[in-house]
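Read the structure below first, then the notes.
The values are calculated or read from the model by the stated rules, or taken from the named source; none is laboratory data. As the structure is a computational prediction, the values presented were derived from the model and not from experiment. Using ideal geometry, Cβ is built from the backbone for each residue, glycine included, and neighbour counts are taken over all protein chains shown. Keep in mind that these areas ignore ligands, DNA and RNA; they rest on the heavy atoms of the full protein, side chains included. Shrake-Rupley method; radii C 1.70, N 1.55, O 1.52, S 1.80 Å.
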Amino acid sequence: MIPLRPLGLGDVLAGAFTVFRRNARVLLLWSLLLSGVLGLASTVATTLGQRSLQERMLSAIGTGTGTGTGSDADAIAAGSVTLYLLLAVGVPFLAFLARGFLVAPVAVDTGQRVLGRRGTFRGLWALLEGRRLSVLWWMLLQLAAGAVIGAVFVVVLIGFFGALGATDTAIGGFFLALLGLGLVFGLLVAFFTTRFAFTVPTIALEGRGVFSAAAQSWRLTRGAFWRTFGILLLVQIAFSIVAGIASTPLTLGVSLFSGVFDPLGQTTGRPGSLSAGAVVALVVGSLLTIAVQCITDVLSASVTTFLSIDRRIRTEALDQRIAAHLETGQPADPFAPAQPVAERPWPQQPQQPWGPPPPPWGPQPPLGQQPPQWGGQQQQPPQWGGQQQPPQWGPSRPDGRG
């Protein structure tokens, strides 16, 4: 499946596409249930909810179809704000949980393909027994950490605007400060996202708990942060471009039906709401986007899993355990937690020394004369006994007697 050695970028990408190609039906079914359905519901609910929110806000200020004033206007405004929070937080929250949980079955299937096996839908669910709750807790922990970081950012942002109103400092300096603040928070998010990128694959493959898996991910990315960050960023950018191209029919379809055929909302009788044709165009256009998103979600999860396997090969000699399992069946689970090993002496190409090679020991033959070679039809070494005469020492006499 994969070469049992440290993996390069080409190995990681080829492995991810191979995993998807050889078990596309099962992986797409998982992605459709976890990412596709909620993604479609999120798109439709967000679009319809925004139109409804627009209508309610117009009614609250007395410029829409309604004439609400006073306490009624306050109630409508409060309901509109509540609806906006549900749409802006609740729906993306469910979609985030689903897409985060999708990494677990994809990681398990990737591990099975490395061992030469093919997982089924029920088989992958069974292999996740005892690990699903840990994945869910990690998703919730990530959301809590994101909420804390977002709250801190908002507080600091409010403080900046307060300082801007209380002083006469040039507004350009505050914009630069805000830009630097946003850059710092972005770097913090990128740093922690990369360091904890292998947490879900670690839970799925090794069966660790939440905090143990997070610590393992932190250790695996030590010394490989920029490589991991670069590959994950490259993959996300490439997949985002593909998803953006696929979402073009959605944008054109909604604009066509809602802006050309029903510009005033006459089909529904309420300005600001979508007509039946626009809803159909929204759903049909979303199907292509969701299909591409399902594929990219699976590939992205598989790339992350292969990166974690590569780090375990480099730090825990995982390749040796996989080879032993394939040959002898031991260990029974090569992906089980293991202790880090010392730095492995990976074979390297012998380096050519600079300058001429050093002369060998012993006397050298005269220039232009080849040294005697032994073996084959070449000159044979002297043999003692038989017809071979021993060497004569001293000058020979004319009568042949030494």
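Show me the ranking of peptides 142-151, 319-328, 303-312 by mean Cβ neighbours inside 10 Å, starting with the highest.
303-312, 319-328, 142-151
Take peptides 201-208, 22-29, 333-340, 96-103 and line them up by average Cβ neighbours within 10 Å, highest first, as a rough protection proxy.
Result, highest mean first: 201-208, 96-103, 22-29, 333-340.
Segment 172-240 to segment 289-327: how many Å between their Cα centroids?
So the separation of the two Cα centres works out to 17 Å.
Which value, in Å² and to the nearest 10, is the accessible area of residue 218 when all protein chains are kept and the probe is 1.4 Å?
80
Which shape class applies to segment 114-158: rounded if a/c is under 1.5, otherwise prolate when a/b exceeds b/c and oblate if not, where a ≥ b ≥ c are the square roots of the Cα gyration tensor eigenvalues?
Judged from the Cα gyration tensor, segment 114-158 comes out prolate (a/c at least 1.5, a/b above b/c).
Report in % the part of the accessible area of segment 98-141 that belongs to carbon and sulfur, leaving out ligands and nucleic acids; probe 1.4 Å.
59
For segment 105-226, compute Rg over Rh where Rg is the Cα radius of gyration and Rh is the Kirkwood radius from the inverse mean 1/r over Cα pairs.
When Rh is taken as the Kirkwood radius, the ratio is 1.19.
Between residue 32 and residue 328, what is the label-to-label distance in nm when each label sits 7 Å out along the Cα-to-Cβ direction?
Distance between the two pseudo-spin positions: 4.4 nm.
How many nm is it between the label spots at residue 222 and residue 193, if each spot is 7 Å from the Cα in line with the beta carbon?
Between residue 222 and residue 193, the simple spin-label model gives 2.5 nm.
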